[in-house]
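The values are calculated or read from the model by the stated rules, or taken from the named source; none is laboratory data. Nothing here was measured: the structure is a model prediction, and the numbers come from that model. Please note: Cβ atoms are built from the backbone with ideal geometry, for glycine as well, and neighbour counts cover all protein chains shown. Protein only, heavy atoms only, side chains kept; ligands, DNA and RNA dropped before computing areas. Shrake-Rupley method; radii C 1.70, N 1.55, O 1.52, S 1.80 Å.
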Amino acid sequence: MSLILIAMAVAVYRYNPVAAFIGGGFGALSIILSIIFGVFFRRYIARVVASALSKVAGVDYDYLDKFKTPVVLTGKKGDILWSNSRFKKQLCMGKNPVNEDVSPFIGSREISDIADKESFEIDFDAHHYLVYCTSIDEGYVCFFVDLTNYNDIFKKYNETRKSVALISFDNRDEFSNDSEEESARVLLTLETKLLHFANENNALFKTLPNDKYMVILDKVALDKITADKFPILKEIREIRFNNREATLSIGIGANCDTLIESEQKARKALDMALGRGGDQVAVMKGDNYEFYGGISSGIEKMSKVRSRVIATSISRIISEADRVLLMGHRFSDLDCVGACVGLQPVIEQGLKKQCKIVIDRETSMAKSLIELVKTEDKSVFITVDEALRMTSSRTLLIVIDTHIPDRVESTELLKKCRNVVVIDHHRKMVNYIDDAVIFYHEPTASSASEMVTELITYLGESHIGKIHSEALLSGIMLDTKNFVIRTGVRTFEAAAFLRKHGADTVETKQLFSGTLRNHKEKYKIVNNAEVYRNCAVSIADGSSKDVRLISAQAADELLSVENVLASFVIFRTGSSVNISARSYGKLNVQLVMEALGGGGHQNMAAAQIADLSENETKKLLIKAIDEVYPES
């Protein structure tokens, strides 16, 4: 009618302009009124529909519409029947979503699967929501709680969360032996680099006594330097004097609620880093550790004061025991057995305590040494069962050449003995024997036999004879590859001490002799080796009963191949696949083996893997090499 009035006004304008203006005015007025009444009518219809829905669904529409939280009402099939104004504004850009499917708003989930269950979180249009869905008579009601601001606050809190880093100058004593001027220059250069490192990461830097430092930094900075694998380690190694390089050990307590807790964990982490040879970072998160660095050899400790103190403590504990049992690791080698053989007469004859060596002769890789010792004393070696029967509450167990509970000759015996002493040179692992009364751990020592030799000089050297000296020397020769690797001043001092007590190098070398068949098997493994990124990798067929010993010897032999920095021999024993790893120190095989669940030393390590074939293990090994030493 409005349009007709306007058309008539236009038609009569030529004949009667006044009538035309009046008719046009009425037409325009009717259009305005139509629009106004249309808006009111639509709102009226919406209220009627909402009222009907609330009666059907059993919800109060007016109440939900006043919610400051987005709310949507759906049918049984997930079709949207109604939404409040907050939902339209935040999730629909002001549009009415009626008759649309609710799935896009709940992460493509089926609403029937999530109704009346635990809440869930979704991200939608740069907002983060916590969603609750509840069943009603004819459908579902979903509430969207906006957590965006809370998440931003939580993120900011996490990013500003402080962590304590304790730093130790590993070889300060070594540089102190130089002139005061050079020593001061090295120290000043190191502290300048550390201060620059702290300033770069907006961290607090503080000097502590005994060549230690503290840095307090936030999570953003910690995440950044962690992603970069702690370049400060490399920067410090660039400080050189007289062909020596400075190194740091860093312990960090991360993800802690308080600075006190972070500092306590940082101390534990620093002890772990030092126990693994230094030149690395240990980050403690909860009860777990993450390690970075550790590519250089540990710094030999020149002072023997600690050895003397440990010897005095061990002597006192032995005097309080009724008997002493010596136990090494499973599949014992010449170092493990040699250290036990050298210590046994000192305890039994010198300290007047019954002392036996607990060993599984069938699985030992030092059968030649065991047979040699038995010619002099058949009763020195006992089985695990015999040891368990003679153990009392006052029995002292000395664990030698390992500090890992599940690698000892008998975990049952370890659990039964209340008093335990640990003597080991392998780099410290997380799951170590933590309840030992004495934990003598020296990762810079060449072997357990070297450590025991030093102890003997304080416990009583008059009771070791030729066989005992040769047993200890064989252990040193095994772990140093005949004095080629990991040899320091103290290593040669120990060898000289043993030579003075009758050790014959020719006869000691004969302990390493093997059968002709074993030699053929060894060179077969060498012949089958492949070189991958300066790493020789070979698979043993596992047919020999001495496959463990042969594989270790083959791994040693592969190091003599040109351009080979590390060797890995894979072999099967029973249901498990094992890896024997060796290196001359340029490539840390311990890090590679740790990536596969094993461990050991920088140049001698191993791992055991279940439920995989030898070829699958080889692929896993190559992947671990790539991860630990990514190509530049």
Legend entry - Hits in the range 565-579 (condition: of a type in the set (S, T, N, Q) and not in a strand (DSSP E or B)): SER575
Inset, instruction - Please work out which residue is surrounded by the most Cβ atoms within 10 Å (Cβ to Cβ), limiting yourself to the range 329-383 and to residues that are in a loop (DSSP other than H, G, I, E, B) and of a type in the set (Asp, Glu). - result: ASP333
Inset, instruction - Look at the range 309-328 and say how many of its residues are assigned to a helix (DSSP H, G or I) and open to solvent by less than 10 Å² (accessible area, probe 1.4 Å). - result: 3
Inset, instruction - Give me a count of the residues in the range 226-250 that are under 16 Å from SER183 (Cβ atoms), open to solvent by 80 Å² or more (accessible area, probe 1.4 Å) and not in a loop (DSSP other than H, G, I, E, B). - result: 1
Legend entry - Conditions (1) closer than 16 Å to ARG582 by Cβ; (2) polar (S, T, N, Q); (3) at pLDDT below 90; number of the one not met by SER551: (3)
Legend entry - Checking GLU562 against (1) assigned to a loop (DSSP other than H, G, I, E, B); (2) closer than 22 Å to ALA445 by Cα, the condition it does not meet: (2)
Inset, instruction - Quick one: which residue in GLU461, GLU507 is under 30 Å from SER319 (Cα atoms) and open to solvent by 50 Å² or more (accessible area, probe 1.4 Å)? - result: GLU461
Legend entry - Within the range 588-613, tally of residues that are more than 19 Å from the chain's Cα centre (by Cα) and buried (at least 17 other Cβ atoms within 10 Å of the Cβ): 2
Inset, instruction - Name, by its number, the condition in (1) over 20 Å from GLN280 (Cα atoms); (2) surrounded by fewer than 15 Cβ atoms within 10 Å (Cβ to Cβ) that does not hold for LEU208. - result: (1)
Inset, instruction - Report, ordered by the first and then the second residue, all pairs with beta carbons closer than 9 Å, sequence separation of six or more or different chains, a first member in the range 500-511 that is of a type in the set (Gly, Ala, Ser), and a second member that is part of a loop (DSSP other than H, G, I, E, B) and surrounded by 20 or more Cβ atoms within 10 Å (Cβ to Cβ). - result: GLY502/ILE464
Legend entry - Members of the range 579-610 found to be modelled with pLDDT under 85, among the charged types (D, E, K, R) and over 17 Å from LEU558 (Cα atoms), listed by number: none
Inset, instruction - Taking only the range 70-88 into account, find how many residues are in a helix (DSSP H, G or I) and either among the small types (Gly, Ala, Ser) or closer than 16 Å to ASP123 by Cα (or both). - result: 2
Inset, instruction - Quick one: count up the residues across the range 518-555 that are over 30 Å from the mean Cα position of the chain (by Cα), open to solvent by 40 Å² or more (accessible area, probe 1.4 Å) and among the β-branched types (Val, Ile, Thr). - result: 0
Inset, instruction - Search the range 229-241 for residues that are under 18 Å from ALA184 (Cα atoms) and touching a residue at least 24 places away in the same chain (Cβ under 8 Å) and pair each with any residue that is part of a loop (DSSP other than H, G, I, E, B) and open to solvent by 10 Å² or more (accessible area, probe 1.4 Å) when their beta-carbon atoms are under 8 Å apart and the residues are at least 6 apart or on different chains. - result: ARG237/SER296; PHE241/ASP178
Inset, instruction - Could you give me the residue pairs with C-beta distances under 6 Å whose first residue belongs to the range 562-582 and is open to solvent by less than 40 Å² (accessible area, probe 1.4 Å), whose second residue is in a strand (DSSP E or B) and aromatic (Phe, Trp, Tyr) wherever it lies, and which are 6+ apart or on separate chains? - result: ASN578/PHE571; ILE579/PHE568; ALA581/PHE568
Legend entry - Residues (modelled with pLDDT of 90 or more and either within 17 Å of PHE291 (Cα to Cα) or charged (D, E, K, R) (or both)) located in the range 618-632: LYS618, LYS619, LYS623, ALA624, ILE625, ASP626
Inset, instruction - Find all pairs meeting these conditions: Cβ atoms under 6 angstrom apart; at least six residues apart or on different chains; first residue within the range 376-395 and acidic (Asp, Glu); second residue part of a helix (DSSP H, G or I). - result: GLU376/ILE467
Inset, instruction - With the condition kept exactly as written, say whether any residue in the range 426-435 is surrounded by fewer than 24 Cβ atoms within 10 Å (Cβ to Cβ) and modelled with pLDDT of 95 or more. - result: no
Inset, instruction - Could you tell me which numbered condition ILE404 fails, if it satisfies all but one of (1) over 24 Å from SER319 (Cβ atoms); (2) in contact with a helix residue (DSSP H, G or I) (Cβ under 9 Å, 6 or more places away or on another chain); (3) open to solvent by less than 10 Å² (accessible area, probe 1.4 Å)? - result: (2)
Inset, instruction - Select from the range 296-336 the residues that are under 30 Å from LEU248 (Cβ atoms) and among the acidic types (Asp, Glu) and write down the one among them that is modelled with the highest pLDDT. - result: ASP335
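Let's see how each residue does on (1) of a type in the set (A, V, I, L, M, F, W, C); (2) touching a Phe, Trp or Tyr at 6+ places or on another chain (Cβ under 7 Å); (3) part of a loop (DSSP other than H, G, I, E, B); (4) on the phi > 0 side of the Ramachandran plot:
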| site | (1), (2), (3), (4) |
| --- | --- |
| VAL399 | yes, no, no, no |
| HIS403 | no, yes, yes, no |
| ILE423 | yes, yes, no, no |
| ASP434 | no, no, yes, no |
| TYR440 | no, no, no, no |
